[in-house]
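The values are calculated or read from the model by the stated rules, or taken from the named source; none is laboratory data. Worth saying up front: this structure is predicted, and the values here are computed from it rather than measured. When we count neighbours, we look across all protein chains shown, and the Cβ atoms used for this are built from the backbone with ideal geometry, even at glycine. Keep in mind that these areas ignore ligands, DNA and RNA; they rest on the heavy atoms of the full protein, side chains included. Shrake-Rupley method; radii C 1.70, N 1.55, O 1.52, S 1.80 Å.
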Amino acid sequence: MLNSSHWGAFEAVVVEGRMIAARPFVKDPDPSPILRSIPDGLYHPTRVAQPAVRVGWLEGGPGATREGRGADRYVSVSWEHALDLIANEIKRVICERANQGIFAGSYGWGSAGRFHHARTHLQRFLGGIGGFTGSCDTYSNAAGAVLVKNILGTARAMNGPGTSWKSIADHANLVVMFGGVPIRNTQVTPGGMGEHTTRNWLKRAAAAGVEFCNISPMRDDTPSFLKAEWIAPRPNSDTALMLALTHTLITEGLHDADFLGRYCTGFSEFRDYLLGKADGVAKSADWAAGLCDLAAHKIRELARRMAGSRTFLIVNWSLQRSDHGEQPIWAAIALAATLGQMGLPGGGLGFGYGSMEGVAGLPHDAPLPTLPPGRNPIRSYIPVARIADLLLRPGEPFQYNGENLIYPDIDLIYWCGGNPFHHHQDLNRLIHAWRRPSTIIVHDPWWTATARHADIVLPSTTTLERDDIGASARDRFIVAMKRAVPRIGGARDDFEIFGELAARFGTRDLFSEGRSASEWVRHIYEVARDLAERRGFSWPDFDEFWERGYLENQGSSKAQVFFEEFRKDPDRHRLNTPSGRIEIFSRKIAGYRYEDCPGHPVWMEPAEWLGGDLAAKYPLHLLTTQPSTRLHGQLDMGCLSKESKIANREPMRINRRDAEARGIRNGDIVKVFNDRGAILAGTIVTDEIRAGVIQISTGAWYNPVEPGQVGSLDGHGNPNVLTLDKGTSRLAQGPSAQTTLVQVEKYIGKPPPMTAFEPPVMQSR
Ligand SMILES: Nc1nc2c(c(=O)[nH]1)N[C@H]1C(S)=C(S)[C@@H](COP(=O)(O)OP(=O)(O)OC[C@H]3O[C@@H](n4cnc5c(=O)[nH]c(N)nc54)[C@H](O)[C@@H]3O)O[C@H]1N2
Ligand SMILES: Nc1nc2c(c(=O)[nH]1)N[C@H]1C(S)=C(S)[C@@H](COP(=O)(O)OP(=O)(O)OC[C@H]3O[C@@H](n4cnc5c(=O)[nH]c(N)nc54)[C@H](O)[C@@H]3O)O[C@H]1N2
Ligand SMILES: [Mo]
């Protein structure tokens, strides 16, 4: 039976009603090994068996014993009882604080299915009873997306489709990759995929003779078959490097003045800054060498090589998940504009090509079946990564992208399909903030750290327990996700849960629009099919699609070149920016007068980095990359992720020199710490990572030694205990997770037991 996941389509192998394996989809040339972990997750003891209520909340009522969150026991209750408690509590909060007192931004990846999209169901339900405080943008690329909408006029520049790999393989001579193209990240795309294409495209480009340069603190951010040159600047110093490359181009007369004049606006302001007209500091290669810890001649050579080749720049999203994360994106756009190759085959730049599968695939114009989001009648929201600020600073003003906003006063959090105790920075600050609201409700199939810090937890089904459709704008396939096994424990679909809740508000029909789950799956397919027909595709009717298990759209055979039309005729194809051009200087952004995001790309020291004062106390830069063995926190308990652990802890990769200086060896348990907190991890000593930098993937389930306590040691290795919780700037307010310094020492003594993969203690009533 076919099914799908964010890491790829698969066949569920079921024996006597039990799923035993996920076999890769036959059409996938490079399936993800994460599939192996699916059956482990499906039947894992951390599945939430029944609706559960935290003892302190049940006994004391909303708001009682909030510091017990994370530590208290739970009581199993019936579905009826749990739903009554929730409905009454929502009514109380609406009555006392109005709807904006409910926070339901509910960020997270949930599952690949297009109908059982957990957050959308939550928001459709709450939208129908007066609305909620929501969130905008993403943890993935908020800083980049908000910026490029302003200066290129489209978020597509950040999210794709961009210039295709085919165009790069056929026409580029040189690909310079900031953050590499880690194939581990291209295992994933939201909504899943029928085929993983990145590895084969890279092979094709290498075979065609394209040369690669990897600018990253980690050598293995590119596969070894690319034989890429490795340049390893200090983390978070890329903006300085890009400015110096541009400075070299200009001072050596290698810039494309025609392109800058015809297609861009504001180059002269930027040039004045590069030449140091106002501050007396030329942003030269010599200047950047000290900031990036690279040789100045290397920077100059790279600039000349770029100008002498058809050069494509790749900038991964990771660079902008840092303090002033708008700047490396803007500086890269200015660099590409100065080279003047944007809009040419194999030239220009693209973002996120190593962040996800499909960003640079061959485009197809087929529609996606999707669940309509519904309407939120109130306009109250935060930029997504400001969750802790929202809870800690009710009533306080803040800025975002030119707007002056106020944090509303939240009394109830409803989270469905996401895991803030995985995704948010500075978890000790979050635990503190999380104590503010009276009530926290979570739906999840598993006892994640977020569920363990909630008052009411409802068990959701997984994709294996329901029918759905998997599809992504970045992939040609649309997959019938067929229910493979019966529901596990007392789990219910989110759709069904919100239908029951809506009934308690008299809005059931508004919420469901009178359709059952199976009618909805058919409906969203048929709506998309109509649209597909109008675009010249011919899709089978629903029954035939369901019977066959998937449908395959023809991708274009023609490579796409981003900005090709704009380059041909910038007047007819004006960009959606105030000037209609690429804004190297933005009058609009300058007009906001944000000192942390002025009107053109600039170098500003990040709050924490190896070039700053804090490095004396915390001399290692922590990179919290995406995990190769799972999706975020999902399937951390699966075999693939478990096999990767060192002494049961999340691996930490450290350079040989730094390990030797601390007397740390392969396999040692270490304590990683800074002023925000401390975690344990297992050591891997390597030469693949720059000295002064350590890597810990995100997603190890938070396992505090003292549950519920602010400042507890995490015995498993969730790096968000250590990361910085700060908006990138007042422009985008994105997360700054990659801006974090730490120290590492060998852990002496008996390590605490690992308990994150055991369900919490249930108390009988
Ligand atoms: N330090 C650091 N932190 C980061 C990042 C980083 O680079 N560094 N990256 C950030 C990024 S880019 C992202 S996108 C976030 C990801 O953060 P999240 O998207 O919040 O992480 P997931 O673990 O995917 O959480 C999804 C949750 O949905 C649950 N779920 C699955 N199916 C269903 C369902 O049908 N119904 C319900 N109700 N729940 C379901 C899963 O069990 C899981 O707990 O993390 C961010 N955090
Ligand atoms: N297997 C797997 N794949 C995933 C995910 C997952 O959970 N698992 N999550 C998906 C999601 S939601 C997203 S948004 C994307 C995120 O995609 P990205 O944000 O691009 O991914 P990261 O792994 O955080 O970073 C990629 C590389 O950038 C480098 N890097 C970090 N900081 C710097 C810097 O300051 N300068 C330079 N030059 N390089 C730096 C690191 O060495 C790192 O390996 O990944 C997606 N892919
Ligand atoms: Mo993401």
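A few comments on the model shown:
- Residue satisfying all of: in segment 103-124; of a type in the set (A, V, I, L, M) and either open to solvent by 10 Å² or more (accessible area, probe 1.4 Å) or under 18 Å from the mean Cα position of the chain (by Cα) (or both); farthest from ligand 3 (Cβ to nearest atom) among these: Ala118
- Taken together, Thr186, Thr222, Thr248, Thr198 contain a single residue that is in contact with a strand residue (DSSP E or B) (Cβ under 7 Å, 6 or more places away or on another chain), surrounded by 21 or more Cβ atoms within 10 Å (Cβ to Cβ), among the polar types (S, T, N, Q) and not assigned by TED's automatic domain parsing to the domain that holds His117, which is Thr222.
- Within segment 261-277, none of the residues are farther than 29 Å from Leu202 by Cα, part of a loop (DSSP other than H, G, I, E, B) and of a type in the set (Val, Ile, Thr).
- Gly261 vs. criteria of a type outside the set (D, E, K, R) and open to solvent by less than 40 Å² (accessible area, probe 1.4 Å): no
- Qualifying residue in segment 133-150 (condition: within 15 Å of ligand 1 (Cβ to nearest atom), surrounded by 20 or more Cβ atoms within 10 Å (Cβ to Cβ) and farther than 28 Å from Asp596 by Cα): no
- Close Cβ contacts (under 8 Å, 6 or more residues apart or on different chains) running from residues in segment 620-648 that are in a strand (DSSP E or B) to residues that are aromatic (Phe, Trp, Tyr) comprise His621/Trp609; Leu631/Trp7; Leu631/Trp109; Gln634/Trp109.
- Of everything in segment 647-674 that is of a type in the set (D, E, K, R) and in contact with a helix residue (DSSP H, G or I) (Cβ under 9 Å, 6 or more places away or on another chain), the residue that is surrounded by the fewest Cβ atoms within 10 Å (Cβ to Cβ) is Arg665.
- Subset of segment 51-71 that is in contact with a Gly (Cβ under 7 Å, 6 or more places away or on another chain) and open to solvent by 50 Å² or more (accessible area, probe 1.4 Å) - its residue that is farthest from Phe421 (Cα to Cα): Thr65
- Segment 447-474 residues that are under 15 Å from Trp109 (Cα atoms) and modelled with pLDDT under 95, paired with ones that are open to solvent by 10 Å² or more (accessible area, probe 1.4 Å) and within 16 Å of ligand 2 (Cβ to nearest atom) (beta carbon under 7 Å, 6 or more apart): none
- Looking across segment 683-742, just one residue is of a type in the set (A, V, I, L, M), within 16 Å of ligand 2 (Cβ to nearest atom), assigned to a strand (DSSP E or B) and without any contact (Cβ under 8 Å) to a residue 40 or more places away in the chain, and that is Ile684.
- Listed here are the strands (runs of 3 or more DSSP E) enclosed by segment 341-440 that have at least 1 residues being within 16 Å of ligand 3 (Cβ to nearest atom), under 30 Å from His255 (Cα atoms) and not assigned by TED's automatic domain parsing to the domain that holds Gln626: 348-351.
- Segment 734-746, residues that are surrounded by 22 or more Cβ atoms within 10 Å (Cβ to Cβ) and away from ligand 3 (no atom under 16 Å from the Cβ): Thr739, Thr740, Leu741, Val742, Val744
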